[in-house]
Protein chains: 2
Amino acid sequence: VQSHPLAQGVTANTISLLLGHPDPSTLFTPEFQEAVQRVLTSPQPYQALQYGAEQGAPALIDYLVEKFNREQATSLSRDRVMAVAGSTHAVDMIARLYANAGEAVIVEAPSYVDALHVFRDHGVELYSAAIDEQGLVPEALEQILRRLHRDNRPPRFLYTIPNFHNPTGVTLSAARRVEILRLAQQYQLMVVEDDVYRDLAFDGPVPASLLALAGDVPVLHIGSFSKTLAPGLRLGWLIGSRESIQRFVQCGTTEMGGGASPFTAQIVAEYCHLGHWEAHIAHLCDLYRARRDMMLAALQQHMPDRVQWTKPAGGFFIWVTLPENVQARGVKAEALRRGVLVAAGEGYFVNPAEGEHNLRLTYSFAPPENIERGVRVLGEIIERQAKATHA
Amino acid sequence: VQSHPLAQGVTANTISLLLGHPDPSTLFTPEFQEAVQRVLTSPQPYQALQYGAEQGAPALIDYLVEKFNREQATSLSRDRVMAVAGSTHAVDMIARLYANAGEAVIVEAPSYVDALHVFRDHGVELYSAAIDEQGLVPEALEQILRRLHRDNRPPRFLYTIPNFHNPTGVTLSAARRVEILRLAQQYQLMVVEDDVYRDLAFDGPVPASLLALAGDVPVLHIGSFSKTLAPGLRLGWLIGSRESIQRFVQCGTTEMGGGASPFTAQIVAEYCHLGHWEAHIAHLCDLYRARRDMMLAALQQHMPDRVQWTKPAGGFFIWVTLPENVQARGVKAEALRRGVLVAAGEGYFVNPAEGEHNLRLTYSFAPPENIERGVRVLGEIIERQAKATHA
């Protein structure tokens, strides 16, 4: 969640290109309602209300394993998967159990602002490796790995968002996946693959996941229902080695609270087994593809010459690079005055200065008519600021 | 959750005096179903499926503030309360944000086994202060405080379960609450009050909470719907100073995942505002009071002379102290062979040896007919083991 004062009360006149939220119109459907009613009228509805199995609702685990194996031609056994209360739960639990305060963790530059916040709450030291249009740059990663190993500070893990990256929208190429896993092998690096946008692929399938390619490299793969069903259910999944999943299943919070979100997990398991989720994903891809196209067209039309932006093949985000004489914070502030909400780039970087000329735009949340208008307003602001500082 | 291999599949012949779970028959009710239907047919049902307000569903916060103020004659403002995904979420978040690895935290001896596990996952150093029939012993607490301050290791907080304590069932007396807050004042100690059993008071109201009595002593008060409505909803609350609640609301996990369990929070808010929860609590008190009375009578009837046990005025648990020549682990193992599940005392202590002659019995989960039979079996085992080691 990218939070802001208006998050809960965006007015009809406000255009939010800020929030990484699914479109509200996609959240409540007859199919979801059907799944709720099936849980309520099941023979033992109380089971969904008791503490849940630590690994997660068995019917949900079965479905997730089947889908992953079918799509990625893997043969994972069910003890390699657990349910989590959204990717937040997974990221936090991984940091808690795999990184001590003061230890090194590598992230991308830029990376997901709220994940950086979670890591900082655990007191870890963050190091960042650049990404470009092909995703994380292996040479940048290797440079950091070499330095950290030379300093006797082996990083506890790499946190990467390989598909439709937040905030840039770029996807890690197939060749780089192999290269990054080779580096992970060489430097004994655990890889945390945050893959919550994977299913929102508009232009054909994404490369195999790092987990599917991993061989014996330790990879933890995070998925979520927040972007493709509903964030309010607080449900996602975590895939890893048998040993790592066992560690999560037996950790303090899992033993204390039981499995993740048992009531909503039961509803989602019904929903998935009825075939509704995969149909819903196809619908979301159509919806968000149209919005992405609309935003790309609007950028093409309204942005001044020296502005650049990514062309995501899925997900929620476009990353804008401003002319060097334009500050993202200034654009954001002026846009806010004109009723357009965007995120400035600083927060996405371990070293905030690296993002001072970037904006993250979101096309998932704004009604289509607002996307064009919002981008037009941004174009005007950027053009004026570029001229003002030139003058 | 006290987990064990049979947690999900206790057979008809197994008697579980182990699990701190609510009675399954209390979980799914027409009133709960009514609340679900009201959310599904509300004007904007999709709002419960979006990322939720970081503080928690506003209707739920309103209800919780009103109930707390009404019952404890306080005048808390709503910015002192936030929703959490069960007490697990609260305990974990408090440890994450208030205690670094290696720092000291004080718990009770014994304390809740899974909370100890969560604290250990954060790498904190645990120190424990004895409790007796009146709850935490102030002199024991002061001794540890003096020692830690002398060693220049001021503890980050005290974790206490003042009402119907897990595992012992005892309640902290009113006089000791004042005394403990005086010590907290003197030693600048933050108090974490885990009060998830508070509403299950069978024999009249419990003393005012530490939070209500705190004055300017920092107290974090944890409540939960897990024991009095349904654990599968993953919902509870956290009350503290304005500043501490703001810190939790703005931490990494809250910013990343949004407010706690939005969908179930909306259902529970409906359920509470309809008056169902407080009626349900009254029903639960009747149900569990009868089970407590049954277990106390069975202990009176079946336990050998030198066995002692607590007489809880509410909650789920009775704490049994065995003769010095009987090991709890041996009793637990033999009981398991005879189909009766109980918890041995070691896990509840920072220093496990302190619990080697203790059992925790739970009367909340077992059907009434099993309580008598289970205690009878335990009595036979203890009697035999006491004689065997004497001989």
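The values are calculated or read from the model by the stated rules, or taken from the named source; none is laboratory data. The shown structure was predicted, so the numbers you read here are calculated from the model rather than taken from an experiment. Cβ: placed from backbone, ideal geometry, glycine included. Neighbour counts: every protein chain shown. What goes into the accessible areas is simple: the full protein's heavy atoms, side chains included, and nothing from ligands, DNA or RNA. Shrake-Rupley method; radii C 1.70, N 1.55, O 1.52, S 1.80 Å.
Based on what the data block shows, is A:Ala101 touching a residue at least 24 places away in the same chain (Cβ under 8 Å), within 13 Å of chain B (Cβ to nearest Cβ) and among the aliphatic types (A, V, I, L, M)?
On the way: touching a residue at least 24 places away in the same chain (Cβ under 8 Å): no; within 13 Å of chain B (Cβ to nearest Cβ): yes; among the aliphatic types (A, V, I, L, M): yes.
Judged against the criteria, A:Ala101 is not a match.
Could you grab the pairs with beta carbons closer than 8 Å, sequence gap of 6+ or different chains, first residue in the stretch A:274-288 and under 12 Å from A:Leu229 (Cβ atoms), second one open to solvent by 40 Å² or more (accessible area, probe 1.4 Å)?
Within 8 Å, the pairs are A:His276/A:Glu31; A:His276/A:Glu34; A:Ala279/A:Glu31; A:His280/A:Glu31.
Right, A:Arg176: open to solvent by 10 Å² or more (accessible area, probe 1.4 Å) and over 30 Å from A:Asp23 (Cα atoms) or not? Walk me through how you get there before you give the answer.
On the way: open to solvent by 10 Å² or more (accessible area, probe 1.4 Å): yes; over 30 Å from A:Asp23 (Cα atoms): yes.
Answer is yes for this residue.
A:Leu287: among the aliphatic types (A, V, I, L, M) and open to solvent by 40 Å² or more (accessible area, probe 1.4 Å), yes or no?
Working: among the aliphatic types (A, V, I, L, M): yes; open to solvent by 40 Å² or more (accessible area, probe 1.4 Å): yes.
Yes; evaluated as a whole, the condition is true for this residue.
For the stretch B:126-139, name all the residues that are of a type outside the set (Phe, Trp, Tyr), open to solvent by 20 Å² or more (accessible area, probe 1.4 Å) and away from chain A (no Cβ under 14 Å). Don't jump to the end; show me each part of the working.
Just the residues of the stretch B:126-139 that are of a type outside the set (Phe, Trp, Tyr), to begin with: B:126, B:128-139.
Filter once more, keeping what is open to solvent by 20 Å² or more (accessible area, probe 1.4 Å): B:126, B:128, B:130-134, B:137, B:139.
Residues satisfying the conditions are B:Ser128, B:Ala130, B:Ile131, B:Asp132, B:Glu133, B:Gln134, B:Val137, B:Glu139.
Is there a residue in the stretch B:155-168 that is over 18 Å from B:Tyr112 (Cβ atoms), in contact (Cβ under 8 Å) with a residue 24 or more places away in the chain, in contact with a strand residue (DSSP E or B) (Cβ under 9 Å, 6 or more places away or on another chain) and open to solvent by less than 40 Å² (accessible area, probe 1.4 Å)? It would help to see each step written out before you state the result.
Here is the first cut: in the stretch B:155-168, the ones over 18 Å from B:Tyr112 (Cβ atoms) are none.
There is no residue in the stretch B:155-168 that is over 18 Å from B:Tyr112 (Cβ atoms), in contact (Cβ under 8 Å) with a residue 24 or more places away in the chain, in contact with a strand residue (DSSP E or B) (Cβ under 9 Å, 6 or more places away or on another chain) and open to solvent by less than 40 Å² (accessible area, probe 1.4 Å).
Taking the condition of being under 19 Å from B:Val118 (Cβ atoms) and open to solvent by less than 20 Å² (accessible area, probe 1.4 Å), how many residues in the stretch A:87-118 meet it?
Total satisfying the criteria: 10.
Filter the stretch B:90-120 down to the residues that are over 19 Å from the mean Cα position of the chain (by Cα) and either outside any helix (DSSP H, G or I) or among the charged types (D, E, K, R) (or both) and list them by number. Spell out how you get there, then give the answer.
Filtering the stretch B:90-120 for residues over 19 Å from the mean Cα position of the chain (by Cα) gives B:96-104.
If the condition is that a residue be over 19 Å from the mean Cα position of the chain (by Cα) and either outside any helix (DSSP H, G or I) or among the charged types (D, E, K, R) (or both), then B:Arg96, B:Ala99, B:Asn100, B:Ala101, B:Gly102, B:Glu103, B:Ala104 are the ones that fit.
I'm trying to understand the selection: among the residues of the stretch B:338-391, which are crowded, with 17+ Cβ neighbours inside 10 Å and over 29 Å from B:Thr228 (Cα atoms)?
Residues satisfying the conditions are B:Glu356, B:His357, B:Val377, B:Gly379, B:Ile381, B:Ile382, B:Glu383, B:Gln385, B:Ala386.
I want to confirm something. Restricting to the stretch A:229-241 and keeping residues that are open to solvent by 10 Å² or more (accessible area, probe 1.4 Å) and touching a Ser or Thr at 6+ places or on another chain (Cβ under 9 Å), which single residue is nearest to the other protein chains (Cβ to nearest Cβ)? Even if it seems obvious, please write down each step before you answer.
Keep residues of the stretch A:229-241 that are open to solvent by 10 Å² or more (accessible area, probe 1.4 Å), which gives A:234, A:237, A:241.
Next, only the ones that are touching a Ser or Thr at 6+ places or on another chain (Cβ under 9 Å) stay: A:234, A:237.
Details: A:Arg234: 5, A:Trp237: 15 Å.
Restricting to residues being open to solvent by 10 Å² or more (accessible area, probe 1.4 Å) and touching a Ser or Thr at 6+ places or on another chain (Cβ under 9 Å), the top hit is A:Arg234.
Within the stretch B:31-87, can you find the residues that are among the aliphatic types (A, V, I, L, M) and over 20 Å from B:Leu229 (Cα atoms)?
From the stretch B:31-87, those among the aliphatic types (A, V, I, L, M) are B:35-36, B:39-40, B:48-49, B:53, B:57, B:59-61, B:64-65, B:73, B:76, B:81-85; that's our starting set.
Result: B:Leu49, B:Ala53, B:Ala73, B:Leu76.
Take the residues in the stretch B:21-79 that are more than 14 Å from every other protein chain (Cβ to nearest Cβ), of a type in the set (A, V, I, L, M, F, W, C) and outside any helix (DSSP H, G or I); name whichever of them is surrounded by the fewest Cβ atoms within 10 Å (Cβ to Cβ). Let's see the steps before the verdict.
First, the residues of the stretch B:21-79 that are more than 14 Å from every other protein chain (Cβ to nearest Cβ): B:62-79.
Checking which are of a type in the set (A, V, I, L, M, F, W, C) leaves us with B:64-65, B:68, B:73, B:76.
So of that shortlist, the ones also outside any helix (DSSP H, G or I) come out as B:73, B:76.
Details: B:Ala73: 9, B:Leu76: 19.
For the stretch B:21-79, the residue satisfying everything is B:Ala73.
Which one of the conditions (1) crowded, with 24+ Cβ neighbours inside 10 Å; (2) free of Cβ contacts under 8 Å to residues at least 60 places away in the same chain; (3) closer than 24 Å to A:Asp286 by Cβ does A:Pro207 fail to meet, given that it meets all the rest?
Every listed condition holds for A:Pro207 apart from (1).
Across the stretch A:338-361, what is the total count of residues that are in contact with a helix residue (DSSP H, G or I) (Cβ under 9 Å, 6 or more places away or on another chain), touching a residue at least 24 places away in the same chain (Cβ under 8 Å) and outside any helix (DSSP H, G or I)? Steps first, answer last, please.
Within the stretch A:338-361, the first condition is being in contact with a helix residue (DSSP H, G or I) (Cβ under 9 Å, 6 or more places away or on another chain), and the residues that meet it are A:338-350, A:352-361.
Next, from what is left, pick out any that are touching a residue at least 24 places away in the same chain (Cβ under 8 Å): A:338-343, A:345, A:347-350, A:354-361.
Going one step further and asking which of them are outside any helix (DSSP H, G or I), we end up with A:338-343, A:345, A:349-350, A:356-361.
Number satisfying all stated conditions: 15.
Can you confirm whether the stretch B:189-196 contains a residue that is more than 19 Å from the chain's Cα centre (by Cα) and either surrounded by 24 or more Cβ atoms within 10 Å (Cβ to Cβ) or in contact (Cβ under 8 Å) with a residue 24 or more places away in the chain (or both)? Walk me through how you get there before you give the answer.
So the first thing to find is which residues in the stretch B:189-196 are more than 19 Å from the chain's Cα centre (by Cα), and the list is B:189.
If we keep only those that are either surrounded by 24 or more Cβ atoms within 10 Å (Cβ to Cβ) or in contact (Cβ under 8 Å) with a residue 24 or more places away in the chain (or both) as well, we get B:189.
The answer is yes; a qualifying residue exists.
With (1) in a loop (DSSP other than H, G, I, E, B); (2) surrounded by fewer than 20 Cβ atoms within 10 Å (Cβ to Cβ); (3) aliphatic (A, V, I, L, M) as the list, and B:Ala260 as the residue in question, which single condition is left unmet?
The failed condition is (2).
Is there a residue in the stretch B:242-250 that is within 14 Å of chain A (Cβ to nearest Cβ) and outside any helix (DSSP H, G or I)?
Among the residues of the stretch B:242-250, at least one is within 14 Å of chain A (Cβ to nearest Cβ) and outside any helix (DSSP H, G or I), which makes the answer yes.
Being within 24 Å of A:Ala230 (Cβ to Cβ) and open to solvent by less than 50 Å² (accessible area, probe 1.4 Å) narrows it down to one residue among B:Val217, B:Val249, B:Val307; which is it? If you could, list the steps in order and put the result at the bottom.
Details: B:Val217 fails: within 24 Å of A:Ala230 (Cβ to Cβ); B:Val307 fails: within 24 Å of A:Ala230 (Cβ to Cβ).
Checking each option against the conditions leaves just B:Val249.
Can you confirm whether the stretch B:212-224 contains a residue that is within 14 Å of chain A (Cβ to nearest Cβ), in contact (Cβ under 8 Å) with a residue 40 or more places away in the chain and outside any loop (DSSP other than H, G, I, E, B)? Step through it out loud before you land on a result.
Pass one, the stretch B:212-224, residues within 14 Å of chain A (Cβ to nearest Cβ): B:222, B:224.
Filter once more, so that each one left must be in contact (Cβ under 8 Å) with a residue 40 or more places away in the chain: B:222, B:224.
Of the ones still in play, those that are also outside any loop (DSSP other than H, G, I, E, B) are B:222, B:224.
Yes: the stretch B:212-224 contains one or more residues that are within 14 Å of chain A (Cβ to nearest Cβ), in contact (Cβ under 8 Å) with a residue 40 or more places away in the chain and outside any loop (DSSP other than H, G, I, E, B).
Look at A:Ile131 and say whether it is within 16 Å of the chain's Cα centre (by Cα) and in contact (Cβ under 8 Å) with a residue 60 or more places away in the chain.
Working: within 16 Å of the chain's Cα centre (by Cα): yes; in contact (Cβ under 8 Å) with a residue 60 or more places away in the chain: no.
Criteria not met by A:Ile131.
For the list (1) within 13 Å of chain B (Cβ to nearest Cβ); (2) within 30 Å of A:Val320 (Cβ to Cβ), I need the number of the one condition that A:His89 fails.
Exception for A:His89: condition (2).
Search the stretch A:315-330 for residues that are under 30 Å from A:Cys285 (Cα atoms) and pair each with any residue that is modelled with pLDDT under 95 and crowded, with 22+ Cβ neighbours inside 10 Å when their beta-carbon atoms are under 6 Å apart and the residues are at least 6 apart or on different chains.
The qualifying pairs are A:Phe316/A:Gly20.
Name every residue in the stretch B:255-272 that is within 9 Å of another protein chain (Cβ to nearest Cβ) and of a type in the set (D, E, K, R), in order of residue number.
Matches in the stretch B:255-272: B:Glu255 only.
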